[in-house]
Amino acid sequence: MPRKLLVMGVSGCGKSSTAAALARALGALMIEGDDHHLPQSQEKMRRGIALDDEDRGPWLDRLGALAAASTGHVVVSCSALKRRYRERLRAAAPALVIVYLDITPEQARARVAARTAHWFPASLVDSQFATLEPPVEEPATLWIDASWTIEMQCEAVLRWLGHLPADGQAQACERG
């Protein structure tokens with residue numbers, strides 16, 4: 001059965017890198033959430049203005065439709081900060097399981113500030129934490145420490161999904 005996986009968390013948690021490693025390991029289609037923001041939303045963030053629910057609606061609908069349309073394994077990278085955002089994605093793709101990358105505000109700010117080729121400014125990290133509703137007691141959700149290596153995160157997810165024996169190592173989880 002094809003897996004539909006959402007890797008979520010605030011900016012700087014490493015969701016794009018982890019999602020890409022998981023997509024490689026699973027032979028899955030990778031959907032990078034940032035690539036599907038409306039141009040006006042990207043411009044808003046470039047100017048240091050946080051997105052609101054209205055801005056995120058079309059983006060979430062697009063990501064949900066892409067995940068639902070995939071006939072094979074798919075890994076979606078998306079902040080999905082609020083429970084209702086995740087419910088919207090799951091309504092479009094009911095088999096969606098979630099990996100939440102948990103990070104501290106200090107770590108996230110440092111990671112985003114260190115980026116050189118991304119349009120999301122470090123000044124918006126605090127607004128993401130203010131919006132964040134961690135997926136506490138949500139079904140089919142795995143919490144992962146964002147400070148783990150990509151390989152450790154990927155192995156934990158594959159083990160959780162049943163794609164890796166408890167004592168196995170995922171060679172495919174190496175950075176590509």
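Brief remarks follow.
- Residue with peak Gaussian network fluctuation, the chain [Cα springs, cutoff 10 Å], from ILE98, ILE150, ILE49: ILE49
- Listed residues SER77, SER16, SER123, most fluctuating in the chain (Gaussian network, C-alpha, under 10 Å): SER123
- When Rg and Dmax of the Cα atoms in Å is computed from the coordinates, the matching label among (i) 15.3, 47; (ii) 34.8, 114; (iii) 18.0, 58 is (i).
- Residue order, fewest to most beta carbons within 10 Å, for MET45, MET8, MET1, MET152: MET1, MET152, MET45, MET8
- Among ALA65, ALA20, ALA114, residue whose mean-square fluctuation peaks in a GNM of the chain (springs only between Cα atoms under 10 Å): ALA114
- The loop-placed trypsin sites (Lys or Arg not before Pro) in the stretch 73-112, going by DSSP, include none that has at most 13 neighbouring Cβ atoms within 10 Å of its Cβ.
Bear in mind that the values in this text are calculations on the coordinates, not laboratory data. The structure presented is a predicted model; accordingly, all values stated were derived computationally and were not measured. Cβ atoms come from the backbone with ideal geometry, glycine included; neighbour counts cover every protein chain shown.
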